[in-house]
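All remarks here apply to the structure that follows.
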Amino acid sequence: MKVFQSVNSLFASNTYVCVGRTGAWVIDPGDAEECFAFLGESILSGVFVTHSHFDHIYGLNSLLEQFPELVVYVSAYGKEALYSDRLNFSMYHESPFVFKGENVVVLKEGDKVDLGDGLGVEVFETPGHDPGCLCYKVENYFFTGDSFIPGVPTVTKLRGGDKKASKASLEKIMGLVTRETIVCPGHGEMVNGYMLLDL
């Protein structure tokens, strides 16, 4: 599997495009044009949402137009926020966002999603920044969204944020990081696990 990182025009959030032998997946879709460029001829099979804040989902409808059978994986709270410009905070933006699709799969702690190609996604609930935050592990890649941004304190001041829950989530995340892990946060650079563990 190859993983491509794109820094979005909105709040410099990160989108990740994962390309396997027979399919491709996107984590936190922002600028759709960048996604299409990385996808090339690959068929987009699904999108994994770490949390449904506007800057991590605003490309969803553009991807849906190109791939109508698209499956979106998200937490229960995240699903609710996909369809609410109030919960995803886009009502405060000049272009409020509401997801137009219906093919949504709700994930919870311990779930595993088979991607084919011998690949699977492990799901971890990591609330704190948002009640519906999820992290995803695929091979040695660990997609942490805004639950963990190396070197940056987790933001818990937005509606639904919880400092105590965030602390517990950070402990869980760090317990899952090994020296071989590649941490892929919602903002900032990808970081090798050994750099975090050797601090």
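The values are calculated or read from the model by the stated rules, or taken from the named source; none is laboratory data. Source: prediction; values computed, not measured. Don't worry about glycine lacking a Cβ; one is built from the backbone with ideal geometry, like all the others, and counts go over all protein chains shown.
When we screen Glu139, Glu102, Glu180, Glu171 for residues that are modelled with pLDDT of 95 or more and surrounded by 12 or more Cβ atoms within 10 Å (Cβ to Cβ), the only hit is Glu139. Checking each residue in the range 142-168 for being of a type in the set (Lys, Arg) and either outside any loop (DSSP other than H, G, I, E, B) or at pLDDT 95 or above (or both) picks out Lys157, Lys163, Lys164, Lys167. Pairs are defined by a Cβ separation below 9 Å, a sequence spacing of at least 6 or placement on different chains, a first member in the range 150-165 that is over 20 Å from Gly193 (Cβ atoms), and a second member that is among the aromatic types (Phe, Trp, Tyr) and surrounded by 10 or more Cβ atoms within 10 Å (Cβ to Cβ); the pairs so defined are Leu158/Phe89; Arg159/Phe89; Gly160/Tyr77.
Scan the range 46-57 and give yes if some residue there is of a type in the set (A, V, I, L, M), part of a loop (DSSP other than H, G, I, E, B), farther than 19 Å from Tyr141 by Cβ and within 11 Å of the chain's Cα centre (by Cα), otherwise no. Yes, that holds for at least one residue. Please verify whether the range 11-28 includes one or more residues that are closer than 15 Å to Tyr141 by Cβ and either in a helix (DSSP H, G or I) or acidic (Asp, Glu) (or both). The answer is yes, given that some residue of the range 11-28 is closer than 15 Å to Tyr141 by Cβ and either in a helix (DSSP H, G or I) or acidic (Asp, Glu) (or both).
Any chance the range 118-127 includes a residue that's free of Cβ contacts under 8 Å to residues at least 60 places away in the same chain, touching a helix residue (DSSP H, G or I) at 6+ places or on another chain (Cβ under 7 Å), buried (at least 17 other Cβ atoms within 10 Å of the Cβ) and of a type outside the set (Val, Ile, Thr)?
Here is the first cut: in the range 118-127, the residues free of Cβ contacts under 8 Å to residues at least 60 places away in the same chain are 118, 120, 122-127.
Now drop any that are not touching a helix residue (DSSP H, G or I) at 6+ places or on another chain (Cβ under 7 Å), which leaves 124, 126-127.
Still in the list and also buried (at least 17 other Cβ atoms within 10 Å of the Cβ): 124, 126-127.
Those still in the list that are of a type outside the set (Val, Ile, Thr) too: 124, 127.
Yes; the residues of the range 118-127 include at least one that is free of Cβ contacts under 8 Å to residues at least 60 places away in the same chain, touching a helix residue (DSSP H, G or I) at 6+ places or on another chain (Cβ under 7 Å), buried (at least 17 other Cβ atoms within 10 Å of the Cβ) and of a type outside the set (Val, Ile, Thr).
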